[in-house]
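A short worksheet on the structure shown next.
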Amino acid sequence: MSSNTFYLQDVLTADQFHKTDLQLMLTVTKKMKKLVETKGGSDLLKGKLMTALFYEPSSRTFASFISAMQRLGGGFIPLQGVSYSSVAKGETLPDTVRTFGCYSDVVVLRHPEVGSAKIAAEFCEKPIINAGDGVGEHPSQALLDFFTISEHFGGVDGLTITMVGDLLNGRTIHSLSKLLSQYKNVTFNFVSPEILRLPSNLIKTFSDRGVKVTQSETLEEVLPRTDVLYVTRVQKERFTDLDLYEKLKYHYIITPQLLRQAKKTAVVMHPLPRVGEITPEVDLDPRAIYITEQMTNGMYVRMALLSLVLLKDYV
Ligand code: NCD
């Protein structure tokens, strides 16, 4: 029996997960997957309540947290958009999260500002799960991406991971790369237009950890050596200059023709939504796992995360 390091902890950044936490997460997620496949769910979280407080749009993260809770017999308070809550009257984030902390056991928060989850955690007595804080982080997405890669390849050791698109503003990229950088023999290729490069502090952290890193504007050179091609959309909502967004949005388009240069064993991932950067024909390629494995794993991982955060003796 290992001890449950997630119990009643806030989940704010991928930095907080160590290899042992990730191992525990993989084990519990596999159990959840089996549970859903065999029985549909259980009563594990009966009597527990989750608030899903989303100040920004969401389909998958919102729905997978809700379905995770329901599959385990728990309840939820769904706030998808805050226009009908007291936020519309000018209520502050600290007051809002303290309110929902009174009624539920865990608060899942998506908010447009970097650091908002950390502030929420300082005020709310119940655990906060960061479901995206602006251009900051998205740790539960990183867990599901990590699980997906790990399950598909039987581990992450030795993999070459190419991340392409809006690396500056893509919070899923920030969290996933932080998480994977703990594994030294992983290689990162970061491919983006010059002005959408990964923040330099992250590049420095990865180099300090001894991870091999390349940065480039073109995919062609790194694609043939890539195991995981992780594609992201250009994050329109983070641009003040929409002309610039228009110029950049189709900088990379993944097509069946382009994928001819990729390994037969490679996979294509995307946190979704996509808005043109992967053509629909690519969905037919067995290497495309964003709709199949990656999306469904989101629910299993969140079932595991909620159980570990809410139940001390789960493991
Ligand atoms: C991502 C997000 O919200 O950061 N979506 C998600 O949670 N699956 C990616 C994106 O919006 O581009």
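Read-outs: derived from the displayed coordinates by stated rules, not from any lab. Just so you know, these numbers come straight off a predicted model, no measurement behind them. Note that each Cβ is placed from the backbone with ideal geometry, even for glycine, and that neighbours are counted across all protein chains shown.
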Roughly speaking, what is the centre-to-centre gap between the stretch 10-48 and the stretch 295-315 when only Cα atoms are used, to the nearest Å? 3 Å
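Within 10 Å of each residue's Cβ, count the other Cβ atoms and sort Cys102, Cys124 from fewest upward.
Values: Cys102 11, Cys124 25.
Ordered from fewest to most neighbouring Cβ atoms within 10 Å, Cys102, Cys124 come out as Cys102, Cys124.
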For the chain, modelled as a GNM with alpha-carbon contacts under 10 angstrom, which of Leu93, Leu242, Leu167 fluctuates the most? Leu242
At 0.36 nm per residue, minus the direct Cα-Cα distance, what do Asp15 and Thr240 gain on full extension? Give it in nm, one decimal, please. 78.1 nm
Are there trypsin sites (Lys or Arg not before Pro) in the stretch 130-197 that DSSP puts in a loop and that have at most 14 other Cβ atoms within 10 Å, and which ones? Lys184
Among Leu144, Leu35, Leu168: highest mean-square fluctuation, GNM of the chain, C-alpha pairs under 10 Å: Leu35
Sequence-distant or interchain residues sharing an amide H contact under 5 Å with Ile278, placed H: which? Ile254
Under the Kirkwood approximation applied to all pairs of distinct alpha-carbon atoms, what is the hydrodynamic radius of the chain in Å? 20.0 Å
Could you give me D for the stretch 54-158, from Stokes-Einstein at 25 °C and 0.890 mPa s, where the hydrodynamic radius is the Kirkwood radius over C-alpha pairs? Units µm² s⁻¹, please. 166 µm²/s
Given the options Ser181, Ser116, Ser85, which has the most mean-square fluctuation in a GNM of the chain, springs set between C-alpha atoms less than 10 angstrom apart? Ser85
Mark the label point 7 Å from the Cα of Ser3 along Cα→Cβ and return the residues of the stretch 282-315 whose backbone N is within less than 18 Å of it. 308-315
Spelling it out for Val11: with amide H atoms placed in the peptide plane at 1.01 Å from N, the residues 5 or more places away or on another chain with amide H under 5 Å from its amide H are Ile128, Ile129, Asn130
Taking the alpha carbon gyration tensor of the stretch 139-294, what are the square roots of 5 times its eigenvalues, largest first, to the nearest whole Å? 21, 20, 14
Taking only DSSP H segments of four or more residues, each worth -39500 (n - 2.57), what value at 222 nm results for the chain once the sum is divided by all its residues, to the nearest 500 deg cm²/dmol? -11000 deg cm²/dmol
Over 32 Å (Cα to Cα) among Lys89/Lys236; Lys34/Lys236; Lys89/Lys249; Lys34/Lys204; Lys178/Lys264 -> Lys34/Lys236; Lys89/Lys249; Lys34/Lys204
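What relative contact order, as a whole-number percentage, does the chain give when Cα pairs under 8 Å and 6 or more residues apart are counted?
Details: 608 pairs, mean separation 65.1, N = 315.
Relative contact order, the chain: 21 percent.
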Once both labels are modelled 7 Å past Cα along the beta-carbon direction, what's the Glu220-Lys46 spacing in nm? 6.2 nm
Once you order the gyration tensor axes a ≥ b ≥ c over the Cα atoms, which shape class does the stretch 205-260 get: rounded for a/c under 1.5, otherwise prolate or oblate by comparing a/b with b/c? oblate
Along the principal axes of its C-alpha atoms, what lengths does the stretch 176-229 span, in descending order and rounded to whole Å? 26, 25, 16
What is the helix-to-structure angle for 93-103, meaning the angle in degrees between its Cα long axis and the longest Cα principal axis of the chain, kept from 0 to 90 and rounded to the nearest 10? 50 degrees
So if I take the alpha carbon set of the stretch 119-188, get Rg, then get Rh from the Kirkwood formula, what is the Rg over Rh ratio? 1.04
